Amino acid sequence: MRKFYTLLSREVRSYFHSPIAYVVLIFFLLIAGVDFYFQVSFMNQRQVQYTVQEAFFNSVFFWFAFVLIFPLITMRLFAEEFKLGTIEPLMTAPVRDWQVVLSKFFGALIFYIILWIPPAFYFVIFQYVAGQPAAHSAGAYSGSYLMLLLLGMFYLSIGCLASVLTKNQIIAAIISFCAITLLFFLGLVQFILLDVSSAARDLLGYFSAIEHMGTFSRGVIDTRPIVFYLSMTVVMLALTHQAFQSRKWRL
Amino acid sequence: MIKVENLTKRYAGQPAIQDLNFEVGKGEIMGFLGPNGAGKTTTMRILASFMPPTSGRATVAGFDVFAQSLQARAHLGYMPENVPLYSDMRVTEYLDYRAALKGVPHRRVAERVGDVKELCGLKEVENKLIAALSKGYRQRVGLADALLHEPDLLILDEPTIGLDPNQIRQVRDLIKNLGKQHTILLSTHILPEVEMTCSRVIIIHKGRIEACDTPENLLGKIRQAGGVLLEAKVGADNGVEELKKISGVRDVIVDSDGDWKIFSLRVESGADVREEIFRLATTRQWRVRELTQRRATLEDVFVEITHSDSI
Ligand SMILES: Nc1ncnc2c1ncn2[C@@H]1O[C@H](COP(=O)(O)OP(=O)(O)O)[C@@H](O)[C@H]1O
Ligand SMILES: [Mg+2]
């Protein structure tokens, strides 16, 4: 456990030693701020049926930034160690493969969670300034943050897998970007193709991040997406572990 | 401490090492000598459990490097070729991290890190970013890292590569000192290094062991196969022609220094041709300013072994 913690703390620290982390942080804050600003000023002009918080988590801005950050967070995880050769001192120390894989995943997850702390304050400030809550219930906040966490875990695990497959960070970023975007649009297919069978639509519905975020951000917690995202994360991490081990035979 | 049996590694079918067999006993400093691409790094990576062999077996401190890799790694201090390090960390920070990773007990980390910094002369750069270190200091960080968990056995892959002569001497002295308490396997393609530091040498070429002996014995084996140096003014003579006629002379290389000609002669094992040369010089009335038998160095052993197929 101590070794895992040691690895994890090095992973988290390494984010804050690299310029890319700050670029992501600033880019993300900017988009989230612009998103929040537009949603609020839009609502100021007309009567709407939803809350600020719902609007924030379901806007184009949000999804744009959301899909983009995962490749940026995960691309360097393994690829950089392969490229620089630091994988050699790492794996010749008495550590297990899964400790390394999990430390990289959870390191990325911690950074991702840190990204989401400042936007939470937007809602607090809104309530303070506007004198009314930004959401209709506390459940809506926890629902949307829970969905952020679930989606984040799934997409980060995809990023881990992409990064373990290559020693080129750019290629890792492109692979994970394509995979995440594809999954994202898979969920949209059901809105576009109206004549697909209901079974296919149900299946596609499992991938519909937008729909899940829609329900969760209203405070409606459905267990099916929770199970789906958690199990997909486990599958992706198991594949990452597998690919990481087979690296030895590819060498 | 190290036992290697029929070790073979192929990269995509291409053999990098073939059927290696050797042992390194406790307290030995074993030199692993071979030209680039001989398979030194491949062997060491297998011993450090970085990758599995294609076939064969290796044990480190009694643990199989593949089946019991965690224990094997815990007993081994390994310094990879070119010493890859996290450049975003500071020296002390990095060593603290490595100590924890290698399972140095919590309360001993500060003491161990302090000790290895002292030993490897890292005190003056302890707060520097690794990215800002010179090659020599990076090498020492790698060595300090290998020593952190007080392993019985050190495997050092080209510890002096890319250093200037001063740094090479420092690192060599350091290794010699370490040899008093540790078993060391070190690879190099620099000959004087093994001659000065190692108690035994393995010469590896194209993935095969060509020789394994003490430096003295290896030298003894081909001492006679050294060479003779002759500096003379040969007048109108060609020199090379006449020298080649002497029985026992294999090859003559000529160089000139003004009017003086410098002949390097390769001679057959056991032959002493100096007397013949002297006779030749007196009859042809050459003026000689030097005639010496060159003592064979490990370099000659090495050239003899690794070039044997191309001559
Ligand atoms: N990752 C690799 N993939 C394919 N071939 C390799 C790899 N690493 C080394 N080789 C080959 O194996 C042989 C031995 O290399 P190496 O062990 O690095 O030699 P040395 O360390 O003695 O210079 C070389 O011919 C090299 O080209
Ligand atoms: Mg090498």
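The values are calculated or read from the model by the stated rules, or taken from the named source; none is laboratory data. Predicted model, so just to flag it, every value in this text is computed and none were measured. Because the Cβ atoms are built from the backbone with ideal geometry, glycine has one as well, and the counts that use them run over all protein chains shown.
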If only one of B:Gly235, B:Gly239, B:Gly227 is away from ligand 2 (no atom under 16 Å from the Cβ), at pLDDT below 85 and either among the aromatic types (Phe, Trp, Tyr) or surrounded by fewer than 17 Cβ atoms within 10 Å (Cβ to Cβ) (or both), which one is it?
-> B:Gly235
So, in the stretch B:49-59, of the ones that are of a type outside the set (Gly, Ala, Ser) and touching a Ser or Thr at 6+ places or on another chain (Cβ under 6 Å), which residue ends up farthest from the other protein chains (Cβ to nearest Cβ)?
-> B:Thr54
So, in the stretch B:68-115, of the ones that are farther than 26 Å from B:Ala131 by Cα and of a type in the set (S, T, N, Q), which residue ends up nearest to ligand 2 (Cβ to nearest atom)?
-> B:Ser69
Given the conditions (1) more than 16 Å from ligand 1 (Cβ to nearest atom); (2) buried (at least 19 other Cβ atoms within 10 Å of the Cβ), every one holds for B:Arg57 apart from (2)
Sort through B:Leu153, B:Leu101, B:Leu95 and tell me the only one that's within 14 Å of chain A (Cβ to nearest Cβ), more than 16 Å from ligand 1 (Cβ to nearest atom) and touching a residue at least 60 places away in the same chain (Cβ under 8 Å).
-> B:Leu153
Spot the failing condition for B:Pro84; the list is (1) at negative phi; (2) in a loop (DSSP other than H, G, I, E, B); (3) away from ligand 1 (no atom under 16 Å from the Cβ), and only one is missed.
-> (3)
Select from the stretch A:43-76 the residues that are over 26 Å from A:Ala138 (Cα atoms) and either in contact with an Asp or Glu (Cβ under 8 Å, 6 or more places away or on another chain) or not hydrophobic (A, V, I, L, M, F, W, C) (or both) and list them in ascending order.
-> A:Pro71, A:Thr74, A:Arg76
Restricting attention to the stretch B:146-196, which residues are within 16 Å of ligand 2 (Cβ to nearest atom), touching a Gly at 6+ places or on another chain (Cβ under 9 Å) and over 23 Å from A:Leu90 (Cβ atoms)?
-> B:Leu163, B:Thr188, B:His189, B:Glu193, B:Val194
Just give me the residues in the stretch B:125-145 being closer than 27 Å to B:Lys3 by Cα and more than 16 Å from ligand 2 (Cβ to nearest atom), in sequence order.
-> B:Leu143, B:Ala144, B:Asp145
Are any of the residues in the stretch B:31-48 in contact with a Ser or Thr (Cβ under 6 Å, 6 or more places away or on another chain), assigned by TED's automatic domain parsing to the domain that holds B:Lys206 and more than 16 Å from ligand 2 (Cβ to nearest atom)?
-> no
Here are some residues: A:Ala120, A:Ala134. Which one is in contact (Cβ under 8 Å) with a residue 12 or more places away in the chain, more than 14 Å from chain B (Cβ to nearest Cβ) and not in a helix (DSSP H, G or I)?
-> A:Ala134
Applying the selection to the stretch B:60-81, what residues are under 18 Å from A:Leu90 (Cα atoms), more than 9 Å from every other protein chain (Cβ to nearest Cβ) and either in contact with a helix residue (DSSP H, G or I) (Cβ under 6 Å, 6 or more places away or on another chain) or β-branched (Val, Ile, Thr) (or both)?
-> B:Val65, B:Gly77
Considering only residues of the stretch B:104-115 that are surrounded by fewer than 22 Cβ atoms within 10 Å (Cβ to Cβ) and of a type outside the set (D, E, K, R), which is nearest to the other protein chains (Cβ to nearest Cβ)?
-> B:His106
Filtering the stretch B:11-25 down to residues that are more than 10 Å from ligand 1 (Cβ to nearest atom) and either touching a residue at least 24 places away in the same chain (Cβ under 8 Å) or under 16 Å from B:His189 (Cα atoms) (or both) yields B:Gln18, B:Asp19, B:Leu20, B:Asn21, B:Phe22, B:Val24, B:Gly25
Answer yes if at least one residue in the stretch B:26-33 is within 13 Å of chain A (Cβ to nearest Cβ), under 21 Å from the mean Cα position of the chain (by Cα) and within 11 Å of ligand 1 (Cβ to nearest atom), and no otherwise.
-> no
Among helices (runs of 4 or more DSSP H) lying entirely in the stretch A:1-103, which contain 3 or more residues that are within 14 Å of another protein chain (Cβ to nearest Cβ)?
-> A:2-17, A:19-45, A:79-84, A:87-92
State whether the residues of the stretch B:42-52 include one that is farther than 20 Å from B:Arg200 by Cβ, surrounded by fewer than 20 Cβ atoms within 10 Å (Cβ to Cβ) and more than 15 Å from ligand 1 (Cβ to nearest atom).
-> no
